[in-house]
Amino acid sequence: MNSKIKNGYFNNYGGAYVPEMLVHALHEIEDEFNKAMKDKKFQKKFSELLKFFSGRPTPLIFAKNLTKHFGGAKLYFKNEGANHTGAHKITHCIGQALIARRLGKKELIAETGAGQHGVATATVAAKFGLKCKIFMGEVDIARQRPNVFFMEQLGAEVVSVSSGSKTLKDAVNEALKYWMANTEESYYVIGSVLGPHPYPLMNRTFQSIIGKEIKKQVKEKENSLPDFIVACVGGGSNAIGAFYDFIKNKRVKLVGVEAGGVGKKLGENAARKENGKLGIFQGYKSLFLQTNEGHIARTHSVAAGLDYPGMGPELAELSKKCRVELDSATDKEAIKAFQITAKFEGVIPALESSHALAYAYKILPKLSKDKIVVVNISGRGDKDLFNVTRAVNDQEFKKFLIEEIKRYEK
């Protein structure tokens, strides 16, 4: 299980630690990706789909009311929720689907936690006329049922995963098993900047458009660069996408916000900053939450997309070099940030993104008014309807659901 693909490392993180039966498939994807990056027809098609199908560029919103409320730095939202399917995920799904089509694959498979990546994969599969199979943990299916419904309406088969903690990491395991048995026809659309090489590099390349747009949009509005860019970090695709174009400019502070969950003990959160240890899991080397025995630990987050024990290898390296600062926000802080953002700005963020917003709301009052903070809102919060209503104990909504069940059963 330790076959390596060269040049897939970010210093000590990354690589491809996979069974022999996946080595050829990964080489095939890497070769095709490298060819595509030099192919003007591919670049043109990718750009056209982002513009005319996904809806890029996504808007940069000046949060005027919250800027005034906190009385400190100027606050901007990079609203990735404006993308078709409601999140940044559609960008790398389009890119990978184009690679899959170049390789002649007939089926897209994917894992999903929050469901946004699953919906995006199912969407591009429908667009390109491909079969689609989505692996999702039982726990995540229960808390993200609306996205499951939409994946099925898009023609995807949603496979319920009942092993382990029944969340994202277990969905990844099952997706990898299926892929190993079906590499001839199937292409695995990994949903973040993790997994074996070339996925971290490939997805970062596709998602780097977020940072390019931020740079252009902030310059147009402020004739300056932002002082802070803040993004939530599960695997890290939205974060590295927002950060990448600014890595060399150290005047711009880059902050990744992890899931602080309900406590600091192992199993109560998904924060790798304090407790992450170097390990190899699901085909790559990075920081993972592990038990004293070296097993992958259980995690918790109110946001399904952050409920994962590891992070992308490039982000792990940037954190080690102190170029990206890692912080965390608790479930309660994320829910509060969700509510504040909706009430003050008319933007309903995903619970994942609400973690980044919670951090921003802590620092804004401490910064001078000439500073600029950009929060990457990686997705919109439609999918979190039931989780949020449960968290705020909305009795009227509970009453509505009971009545709706009665109507449904008639």
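Report, largest value first, the span of the C-alpha coordinates of the chain along each principal axis, in whole Å.
60, 57, 49
Equivalent-ellipsoid semi-axes (√(5λ), Cα gyration tensor) for the range 14-75, whole Å, largest first? List each step's numbers first, then the result.
On the way: eigenvalues 333, 88, 16 Å².
Three semi-axes, in Å: 41, 21, 9.
Given a Förster distance of 56 angstrom, what is the FRET efficiency for LYS248 paired with GLU293, based on the Cβ-Cβ distance and rounded to 0.05?
Numbers: r = 40 Å, r/R0 = 0.72.
Once rounded, the FRET efficiency stands at 0.90.
Hey, what's the per residue convex hull volume over the C-alpha atoms of the range 327-410, in cubic angstrom?
Details: hull volume 8.8 nm³, N = 84.
Once divided by residue count, the hull of the range 327-410 is 105 Å³.
Within a Cβ distance under 12 Å of ILE363, other residues only, what is the Lys/Arg minus Asp/Glu net charge? Working shown, then result.
Details: positive: LYS253, LYS362, LYS366, LYS371; negative: ASP227, GLU325, ASP327.
Here the count lands on +1.
For the pairs LYS248/LYS321; LYS89/LYS166; LYS44/LYS127; LYS273/LYS321; LYS64/LYS366, note any where the Cα-Cα span goes beyond 19 Å. All intermediate terms of the calculation are to be shown ahead of the outcome.
Details: LYS248/LYS321 12 Å; LYS89/LYS166 22 Å; LYS44/LYS127 17 Å; LYS273/LYS321 13 Å; LYS64/LYS366 17 Å.
Pairs exceeding the cut-off: LYS89/LYS166.
Looking at the range 222-340, I'd like the Rg to Rh ratio, where Rg is from alpha-carbon atoms and Rh is Kirkwood's inverse mean 1/r. Don't skip to the answer; put the middle values down first.
Details: Rg = 14.5 Å, Rh = 14.7 Å.
Dividing the radius of gyration by the Kirkwood radius yields 0.99.
In cubic angstrom, how much convex hull volume per residue do the alpha carbon atoms of the range 54-119 span? It would help to have the intermediate numbers written out before the result.
On the way: hull volume 7.0 nm³, N = 66.
Output value, Cα hull per residue: 107 Å³.
Along the charge dipole of the chain, Cβ charges K/R +1 and D/E -1, which of ILE340, GLY191, PHE70 sits furthest on the positive end?
Of the options given, the answer is PHE70.
Output needed: percent of Cα pairs per 5 Å distance bin for the range 307-370, bins running from 0 to the one holding the longest distance.
4, 16, 20, 20, 19, 14, 7, 1
Hull surface divided by four, with the convex hull built on the Cα atoms of the range 1-146: how many nm²? Walk me through the intermediate numbers first.
On the way: hull surface 51.1 nm².
With the hull built on Cα positions only, its mean projection is 12.8 nm².
Values in this text are rule-based calculations from the coordinates and carry no lab data. Please read these numbers as outputs of a predicted model, since none were measured by experiment. Every residue, glycine among them, receives a Cβ derived from its backbone with ideal geometry; neighbour counts consider all protein chains shown.
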